[in-house]
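J.: Got a structure for you, written out below as structure tokens; questions coming shortly.
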Amino acid sequence: MTPVIQTRKAKLQHVLQIRPAAKSEVARFFRTVVRTRMRSITELFSADRLEMADECIVAVLDGKIVGATCLVFDTGDGAELATEYVLKEYQGEGIGTRLTRAGIERLIALGKTPIHVDVASEAMDSTLDRLPRKDRRHLRLKRSYLKYGEVDLPER
Ligand SMILES: CC(C)(COP(=O)(O)OP(=O)(O)OC[C@H]1O[C@@H](n2cnc3c(N)ncnc32)[C@H](O)[C@@H]1OP(=O)(O)O)[C@@H](O)C(=O)NCCC(=O)NCCS
């Protein structure tokens, strides 16, 4: 059943789909994000970083991609959930929590554990907090935002 979410801000009903996506689709989404919303290129959306991904998952709201996360199967000592982003106007609606859960549970289902996450923001940390305990025991978190501050996106 396709989940329907009601956005907190506009109280509008939206059909939310969380699905696997080709890297080319995510590359197009990230290029559009950088071109239309960022003042400059930023590591989070770089092509090299995306190239390392083995699989990607996107959040689609009423047919439009509004978020993505990327999975790396083998970093040498486990897997990694890398690069998660949700369009600003859709943040805080629970979409990131669903993307994180879909990504983490996909890696666990494939036996790609432990799972490393470089946690670059409090919001990302909250999405990980919301995972069921059975999933969280596979996580190896590096909370870089506590040491270096929140990821600083050069948003327009
Ligand atoms: C991190 C991110 C993907 C989370 O996605 P999201 O759709 O906003 O996540 P959720 O709606 O599930 O919210 C998760 C938590 O973050 C909080 N949050 C999300 N966006 C927020 C915002 N703009 N301002 C304040 N709190 C916010 C939510 O309130 C929630 O916190 P809670 O559990 O205390 O209620 C998204 O915020 C984002 O793209 N941030 C910029 C890039 C980034 O930090 N990527 C992660 C790199 S590791």
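J.: So, restricting to helices (runs of 4 or more DSSP H) that lie completely within the stretch 67-156, which ones have at least 3 residues that are within 13 Å of the ligand (Cβ to nearest atom)?
T.: 95-109, 122-129, 144-148
J.: When you scan the stretch 75-97, do you find a residue that is hydroxyl-bearing (Ser, Thr, Tyr) and either over 26 Å from ARG28 (Cα atoms) or exposed (fewer than 14 other Cβ atoms within 10 Å of the Cβ) (or both), even just one?
T.: yes
J.: Tell me, yes or no, whether the stretch 55-63 has at least one residue that is of a type in the set (A, V, I, L, M), out of contact with any His (no Cβ under 8 Å at 6 or more places or on another chain) and not in a strand (DSSP E or B).
T.: No, the stretch 55-63 contains no residue that is of a type in the set (A, V, I, L, M), out of contact with any His (no Cβ under 8 Å at 6 or more places or on another chain) and not in a strand (DSSP E or B).
J.: Considering only the stretch 112-120, I want to know if a residue exists there that is buried (at least 16 other Cβ atoms within 10 Å of the Cβ), in contact with a His (Cβ under 9 Å, 6 or more places away or on another chain) and among the aliphatic types (A, V, I, L, M).
T.: yes
J.: For the list (1) more than 15 Å from GLY103 (Cβ to Cβ); (2) open to solvent by 90 Å² or more (accessible area, probe 1.4 Å), I need the number of the one condition that PRO154 fails.
T.: Against the list (1) more than 15 Å from GLY103 (Cβ to Cβ); (2) open to solvent by 90 Å² or more (accessible area, probe 1.4 Å), PRO154 comes up short only on (2).
J.: Something else now. Could you please let me know if LEU44 is modelled with pLDDT under 95 and within 30 Å of PRO114 (Cα to Cα)?
T.: Criteria met by LEU44.
J.: In this structure, does ARG31 turn out to be away from the ligand (no atom under 14 Å from the Cβ), surrounded by 11 or more Cβ atoms within 10 Å (Cβ to Cβ) and part of a helix (DSSP H, G or I)?
T.: It is true that ARG31 is away from the ligand (no atom under 14 Å from the Cβ), surrounded by 11 or more Cβ atoms within 10 Å (Cβ to Cβ) and part of a helix (DSSP H, G or I).
J.: Which is buried (at least 19 other Cβ atoms within 10 Å of the Cβ), of a type outside the set (Gly, Ala, Ser) and over 12 Å from the mean Cα position of the chain (by Cα), of LEU71, LEU61?
T.: LEU61
J.: Looking at the stretch 137-147, can you tell me whether even one residue there is over 20 Å from VAL33 (Cα atoms), in contact with a Ser or Thr (Cβ under 7 Å, 6 or more places away or on another chain) and of a type in the set (D, E, K, R)?
T.: No, the conditions are met nowhere in the stretch 137-147.
The values are calculated or read from the model by the stated rules, or taken from the named source; none is laboratory data. Please read these numbers as outputs of a predicted model, since none were measured by experiment. Glycine also receives a Cβ, built like all others from the backbone with ideal geometry; neighbour counts cover every protein chain displayed. SASA here: full protein model, heavy atoms, side chains in, ligands and nucleic acids out. Shrake-Rupley method; radii C 1.70, N 1.55, O 1.52, S 1.80 Å.
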